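Please treat every number below as a calculation from the coordinates, not as lab data. This structure is a prediction, so every number in the text was calculated from the model and none was measured. Virtual Cβ from ideal backbone geometry, glycine too; neighbours counted across all protein chains shown.
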């Protein structure tokens, strides 16, 4: 960070003709004085740094300038100047001392490129994700070891080539907006991954157990294909979902959730399988499971329940709060997920049902599906409550 630029001002009589000045003319000058230029921060910098602080981004200054100038600039933009370390202190600090220094200090002065690398490595060793914003040759080494690098279009070429993000103009407000947008994208990406992994994990468990215990396949390949297609179409609208304000106010990390939430859809599927095989199908068509009507009715019941459970996963796992009452998705997500679930539910009653191996379900089965989905929501909410005591959602 270059704060001052100084120029020596002088004059001489009878210089070389205009257009022919050279270094040879820089002699026998009468000195008038010095011009010092202060590179003042933008008016928006203080507000931007406060926004970053509110977003739980800890801003640190790395500079080769002296302490007095750096303190003055830091005060102008609202940074804490109580603790300042210089390059000599960083160079002589032990690894343990440096680990403590980088946590409590936000201003580092008289830094060489190598010392900047040393501080960044200490921050990463402490478990931090480091973003670095620079524009000069001295920033090249630090940018190489940082997790994310940012620069402006006015930077030197080597910095622009190595940076992950290049802004058209120098503006910290753009950085804050970029961070919030990135967190929103990360949130919806995690929703997509969670729902897909949980549903597939649960479906695999249920299908394996059912295949080992039933005298026929729990679902036909074509039925599974259609089920996955409908669910995949539902997941396409997840990027349009809203993100909780609490989620974007601090950086998030990948969470371990599959083994906690994956078995729950499997439990609901297995309950449905047991109900269809031992209760509903024998009651409606008799106990002969070899009959095609028995199997078609079984397929239809499991198909509809599994589809609704998958759609419910999207709404239940999108947020740590209770679904539909304390948190809900955007209208487009609600419309698409429930619309596709209803569309899939009428397939057993449609003209294409025979070709899919399905048959019409009794109206009363709707109550069974509703009851099973309520059980799923309550079970998942209970597991979320236990999960949040140890992990972030």
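The calculated P(r) of segment 183-282, using every Cα pair and 5 Å bins from 0, goes 2, 11, 17, 19, 17, 12, 9, 6, 4, 2, 0 in percent.
Fewest neighbouring Cβ atoms within 10 Å first, the residues 312, 178 line up as 178, 312. Note that the chain shows a convex hull volume over its alpha carbon atoms of 209 Å³ per residue. Largest first, the extents of the alpha carbon coordinates of segment 24-113 on the three principal axes equal 55, 36, 21 Å. Expressed as a fraction of 2.2 N^0.38 Å, the C-alpha radius of gyration for segment 45-176 is 1.01. Taken along its three principal axes, the alpha carbon spread of segment 119-164 comes to 32, 16, 11 Å, from the longest extent down to the shortest. Here the sum of -39500 (n - 2.57) over DSSP H runs of 4 or more residues, divided by the residues of the chain, equals -17000 deg cm²/dmol at 222 nm, to the nearest 500. Seen against the Cα atoms of the chain and their longest principal axis, helix 95-104 is set at about 90 degrees.
As a test, work out the antiparallel percent of DSSP beta bridges whose residues both lie in the chain, rounded to the nearest 5. Counting DSSP beta bridges with both partners in the chain, the antiparallel share is about 40 percent. Going by a ≥ b ≥ c, the root eigenvalues of the Cα gyration tensor, does segment 38-84 fall in the rounded group (a/c under 1.5), the prolate group (a/b larger than b/c) or the oblate group? Oblate, because a/c is 1.5 or more while a/b does not exceed b/c. Shape analysis of segment 250-393 places it in the prolate category; the axes a ≥ b ≥ c from the Cα gyration tensor give an a/c of at least 1.5, with a/b above b/c.
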